[in-house]
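See structure below.
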Amino acid sequence: MPRTALITGASRGLGLALARALASDGWQLVVDARGADDLGRAAAELEERTTVVALAGDIGDETHRQALAAAAAELGGLDALVHNASILGPSPQPALADYPLEVLERVYAINALAPLRLTQLLLSHLRPGARIVAVTSDAAVEAYEGWGGYGSSKAALEQLAAVLATELPALRVYRVDPGDMNTRMQADAFPGEDVSDRPPPEDSVPGLLRLLDGDLPSGRYQARALVATGVGVR
């Protein structure tokens, strides 16, 4: 039976780069994104290499999460669950003193609570030895001015993943910092700046593949350091 992965936020950026690599390696894929057009184009490309179920929707919506779980069950379960979808919040990023709480609630709902809920729905569909990957950020562990909203939501995601690793010792649960990347989110985070000097998302994919294919213990890793040094733990 081919291995199967569910990747959220897979219509562009890191999610699409990872999906391409897994498709080339024969993995079946369940992918989602908010934008139906972008997801449709990504799915058409991926379907040339493997079986793909693409579901457009908001990961913050319970009906959409239920549909993702049903798709995973239809394919016979998952070997990997990659929580990649997230939102930045306002651009430019406001100071915490000025951060609208109703907006921050939405950031937390998408970046922390939605991954937890999707994990809850998928636990019974994870095959023995499955990997759960939470894509995080250095803003989760460093205090950057203007990054309190996004960074604290990723810090919450990291703690949730760390506790899941303790509670689910039969699985591997990874928190992965992909590093700065030349993506639309990076551009949104720095409006008016040229982010083309950032590495492409593809540079972070080999580290993610090492986690999915290797035997590293649950923990926090830096994707590019995994390949550069062979360790990458933080």
Hits in the stretch 3-18 - residues which are under 15 Å from Arg131 (Cα atoms) and not charged (D, E, K, R): Thr4, Ala5, Leu6, Ile7, Thr8, Leu18
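Mind checking which residues of the stretch 123-149 are among the polar types (S, T, N, Q) and closer than 17 Å to Leu113 by Cα?
From the stretch 123-149, those among the polar types (S, T, N, Q) are 124, 136-137; that's our starting set.
Within the stretch 123-149, Thr136, Ser137 meet the criteria.
Just for the stretch 115-151: of the residues that are of a type in the set (D, E, K, R), within 25 Å of Asp180 (Cα to Cα) and touching a residue at least 12 places away in the same chain (Cβ under 8 Å), which one is surrounded by the most Cβ atoms within 10 Å (Cβ to Cβ)?
Taking the stretch 115-151 and keeping what is of a type in the set (D, E, K, R), we get 117, 127, 131, 138, 142, 145.
Narrowing further to those that are within 25 Å of Asp180 (Cα to Cα): 131, 138, 142, 145.
Filter once more, keeping what is touching a residue at least 12 places away in the same chain (Cβ under 8 Å): 131, 138, 145.
Working: Arg131: 22, Asp138: 16, Glu145: 8.
So the residue we want is Arg131.
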Residue count, the stretch 167-210 (criterion: modelled with pLDDT of 70 or more and of a type in the set (S, T, N, Q)): 2
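Quick check: anything in the stretch 85-102 within 22 Å of Arg3 (Cα to Cα), at pLDDT 95 or above and of a type in the set (A, V, I, L, M)? Let's see the steps before the verdict.
Step one: filter the stretch 85-102 for residues within 22 Å of Arg3 (Cα to Cα), giving 85.
After this cut, where a residue has to be at pLDDT 95 or above as well, the list is 85.
In the following step, the residues that additionally are of a type in the set (A, V, I, L, M) were identified as 85.
Yes, that holds for at least one residue.
Taking the stated definitions as given, is Leu121 in a helix (DSSP H, G or I) and touching a strand residue (DSSP E or B) at 6+ places or on another chain (Cβ under 9 Å)?
Values: in a helix (DSSP H, G or I): yes; touching a strand residue (DSSP E or B) at 6+ places or on another chain (Cβ under 9 Å): no.
Spelling it out, it is not the case that Leu121 is in a helix (DSSP H, G or I) and touching a strand residue (DSSP E or B) at 6+ places or on another chain (Cβ under 9 Å).
The values are calculated or read from the model by the stated rules, or taken from the named source; none is laboratory data. Predicted model only: the values in this text are computed from it and were never measured. FYI the Cβ positions are ideal-geometry reconstructions off the backbone, even for glycines, and counts take in every protein chain you see.
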